[in-house]
């Protein structure tokens, strides 16, 4: 069994009285998720906050700033015959710039969606769980 730790973001964009949320579709499994990646995959000293901002930029082409750490989610999955336990540290983030057409090849689609469409679009229970918390915070603000 292997343990993995990732970090990512639930990015919020408020424009013209509308609130939208960033979601992306993974190129391998085609699931709709929030952007995330392994902590320390390129720099072993990288902090989880830095990983989250970097992964949002790489995977979705978007710049964002951290607002708040959300409750981490943990799940199990199988990779190349090995059972893995993954913990993901998601941050609620505010959009600061960038262009979703500049996403990397890891994502086949990147979209901004209205709040009411997010839960229907997300594929995995872990993303839906983090969205429940993020949505409460977004609606309050």
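Only the coordinates and a few stated rules stand behind these numbers; no lab work does. Everything numeric in this text was worked out from a predicted model, so none of it was measured. For neighbour counting, all protein chains shown are included, and Cβ atoms are generated from backbone atoms with ideal geometry for every residue, glycine included.
The protection proxy used here, the mean number of other Cβ atoms lying within 10 Å of each residue, ranks peptides 125-132, 51-58 as follows, highest first: 51-58, 125-132.
Computed from Cα positions, the angle between helix 48-60 and the longest principal axis of the chain comes to roughly 70 degrees.
Hydrodynamic estimate: the Kirkwood radius of the chain over Cα pairs, inserted into Stokes-Einstein at 25 °C and 0.890 mPa s, corresponds to D of 162 µm²/s. Per-residue extension of 0.36 nm, minus the Cα-Cα distance of residue 124 and residue 58, leaves a gain of 21.6 nm for this segment. One decimal place: the segment residue 2-residue 104 gains 34.1 nm when fully extended, by the rule 0.36 nm per residue minus the C-alpha distance. If R0 is taken as 30 Å, the Cβ-Cβ distance between residue 50 and residue 30 corresponds to a FRET efficiency of 0.60. For the range 1-84, the average shadow cast by the Cα convex hull is 6.7 nm², which is a quarter of the hull's surface. Among 89, 75, the order by Cβ neighbours within 10 angstrom, fewest to most, reads 75, 89. Cβ-to-Cβ counts within 10 Å put 107, 93 in ascending order as 107, 93, the fewest first. The helix-based estimate of mean residue ellipticity at 222 nm for the chain, built from -39,500 (n - 2.57) per DSSP H run of four or more residues and divided by its residue count, is -8000 deg cm²/dmol to the nearest 500.
Only bridges with both residues in the chain count here: give the DSSP antiparallel percent, nearest 5.
Here the antiparallel bridges make up roughly 75 percent for the chain.
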